[in-house]
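What follows is one structure encoded as structure tokens, with my remarks underneath.
What follows draws every value from the coordinates through simple rules; no lab data is involved. Fair warning: this is a prediction, and the values are worked out from it, not measured in the lab. Neighbour counts run over all protein chains shown; Cβ positions are idealised from the backbone, glycine included.
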């Protein structure tokens, strides 16, 4: 694969990608803009290992963790329910009877809320700022895109009501207006592929007119499938700077065109993507 560096932080994996044609920009939410749910795998994966261990399998925790980590990260970007459907299937494979996937989803969310409640409280009370819990440079990037006349879309695998609430706390809602999409109870009526197709169809866009930013396998794959340009945000969500190499490898496998750590150098990136340099 031909790779070159636009600068020391912007890795380009498809140098001949279509530039300067964009009219719409699609963003993932968690890990791409929001850091409120940073650490969610450290909640989901141990919970799933616990459920699989309870089946009486002879596998070690390390073996179970490898199985769980693989499907959790492969499905990252899809609605949370799909990870729970896979958990139920893994339980069934081990000879046990699983609960309804929705039960596992609710349990996971309860555990996650224990981890992030203090973050939400701090944002709601004003003790924390929006910048404290967003990927660095997010607001400036979105403002830059808005000035360019781009229509911005937000699509998350997290339940819509939580995405709307958290986007508002992070002062991100204003950039997306009515174009905020999230998981639904009727999960078969929402997917990132559906959102991509809706954006293209409703706005009469060709694939090359869609730019996408994401840190999950699914959104990168779907943006590329549609013929768009996919920017992988391989952010280190704890250090808030630099590349997470594990994310980078996964997102390259998904078909990423460009890899960045965050948005501090977004003016250089956008100038190149919009064929100004």
### Query
Helix 80-93 sits at what angle to the longest principal axis of the chain, using alpha carbons and giving 0 to 90 degrees rounded to 10?
40 degrees
#### Entry: Tilt relative to the chain, helix 61-74 - C-alpha long axis, 0 to 90 degrees, to 10
40 degrees
### Task
Would you mind computing, in nm to one decimal, how far apart the modelled labels at residue 131 and residue 188 are, each placed 7 Å from Cα along Cα→Cβ?
4.7 nm
### Query
Picking from 18, 261, 178, which is most flexible by a Gaussian network model of the chain using Cα springs under 10 Å?
178
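Have a look at the DSSP beta bridges in the chain and tell me what percent are antiparallel, nearest 5.
25 percent
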### Task
Taking the Cβ of each residue in 272, 4 as the centre, tally the other Cβ atoms inside 10 Å and list the residues starting with the fewest.
4, 272
### Task
Give the angle, between 0 and 90 degrees and rounded to the nearest 10, that separates the Cα long axis of helix 245-254 from the longest principal axis of the Cα atoms of the chain.
80 degrees
### residue 71 paired with residue 54, simple spin-label distance in nm, labels 7 Å along Cα-to-beta-carbon
1.6 nm
#### Entry: Cα gyration tensor category, rounded, prolate or oblate, for the stretch 125-205 with a/c compared to 1.5
oblate
### Task
Compute the FRET efficiency between residue 97 and residue 277 as 1/(1 + (r/R0)^6), taking r as their Cβ-Cβ distance and R0 = 45 Å, and round to the nearest 0.05.
0.15
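Using alpha-carbon pairs under 8 Å, 6+ residues apart, how would you state the relative contact order of the stretch 1-50 in percent?
Relative contact order of the stretch 1-50: 17 percent.
Suppose a student asked you for the relative contact order of the stretch 1-158, using Cα pairs under 8 Å spaced at least 6 residues apart; what percent would you report?
35 percent
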### Query
Of 25, 258, 43, which is the most mobile in a GNM of the chain whose springs link Cα atoms less than 10 angstrom apart?
43
### Summary
For residue 201 and residue 121, extending 7 Å from Cα along the Cα-Cβ vector and measuring point to point gives, in nm, a value of 4.5 nm
### Task
Would you work out the relative contact order for the chain, in percent, from Cα pairs under 8 angstrom that are 6 or more residues apart?
27 percent
